[in-house]
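Have a look at the structure below, then the notes.
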Amino acid sequence: MDKNISILVTDDNESIRIVIRRILEKKGYQNVYEVGDGMSAFQLLKSQKIDLIIADWNMPVMSGIELLKKVRQDNEISKTPFIVVSVEGLDVSMETAFQSGVSDFISKPFTAEALIASLEKVMPGSI
């Protein structure tokens, strides 16, 4: 169980970022980075080794789906597990996310258990 993985949480809602960080920290993860938009997330991904991305679907500057597409097109970071968290629980949104290469999709509101289950799904052995 590797609790030293680096996790990037990207959401324009600071409260959501705090909730996700607290859930992760309660499980022992200390290397949690936070940014408020996709462009800032992509810049961090290019300068810092990140093992897992958790991103909101709807964000200013660059949306989560745009970030996902940029990540999947970049050879250096294309294999990074990517979880989308969104109120966009519609089948169309989920279908678009999975077609774009998302590792998992969580609908808001979510529970700590749902987030940890998703993390276990995309990062087996990290829990």
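Values in this text are rule-based calculations from the coordinates and carry no lab data. Since this is a predicted model, take the numbers as computed values, not measurements. Here the Cβ is made from the backbone with ideal geometry for all residues, glycine too, and neighbour counts use every protein chain on show.
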Open item on the list: For a quick check of your reading of the model, give me the residue pairs whose first member lies in the range 17-30 and is within 17 Å of Pro109 (Cβ to Cβ), whose second is part of a helix (DSSP H, G or I) and small (Gly, Ala, Ser), with beta-carbon atoms closer than 7 Å and at least 6 apart or on different chains.
Closed with: Ile23/Ala112
- [ ] Please go through the range 71-86 and pick out each residue that is under 14 Å from the mean Cα position of the chain (by Cα) and either free of Cβ contacts under 8 Å to residues at least 60 places away in the same chain or more than 18 Å from Ile106 (Cβ to Cβ) (or both).
- [x] Val71, Arg72, Ile77, Ser78, Lys79, Thr80, Pro81, Phe82, Ile83, Val84, Ser86
- [ ] Kindly establish whether Ile53 is hydrophobic (A, V, I, L, M, F, W, C), loosely packed, with under 15 Cβ neighbours inside 10 Å and outside any loop (DSSP other than H, G, I, E, B).
- [x] no
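Kindly provide the set of residues from the range 98-127 that are in contact (Cβ under 8 Å) with a residue 40 or more places away in the chain and under 19 Å from Arg21 (Cα atoms), ordered by number. Quick ask: steps written out before the conclusion?
Of the range 98-127, the ones in contact (Cβ under 8 Å) with a residue 40 or more places away in the chain are 108, 112, 115-116, 119, 122-123, 125-127.
Correct list: Lys108, Ala112, Leu115, Ile116, Leu119, Val122, Met123, Ser126, Ile127.
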Task: Residue selected from the range 3-21 under the condition in a loop (DSSP other than H, G, I, E, B) and of a type outside the set (D, E, K, R), by the criterion nearest to Gly38 (Cα to Cα) - done: Asn13
Open item on the list: Exactly one condition in (1) part of a loop (DSSP other than H, G, I, E, B); (2) polar (S, T, N, Q); (3) crowded, with 17+ Cβ neighbours inside 10 Å is false for Asn58; which is it?
Closed with: (3)
Task: Residue tally, condition in contact with a strand residue (DSSP E or B) (Cβ under 7 Å, 6 or more places away or on another chain) and surrounded by 14 or more Cβ atoms within 10 Å (Cβ to Cβ), over the range 71-100 - done: 11
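Taking the range 92-117 as the region of interest, how many residues are part of a helix (DSSP H, G or I), under 23 Å from Ser15 (Cβ atoms) and either within 13 Å of the chain's Cα centre (by Cα) or hydrophobic (A, V, I, L, M, F, W, C) (or both)? Full working, then the answer.
Filtering the range 92-117 down to residues part of a helix (DSSP H, G or I) leaves 92-99, 112-117.
Cutting the leftovers down to under 23 Å from Ser15 (Cβ atoms) gives us 93, 97, 112-117.
Subset that is either within 13 Å of the chain's Cα centre (by Cα) or hydrophobic (A, V, I, L, M, F, W, C) (or both): 97, 112, 114-117.
So the count comes out to 6.
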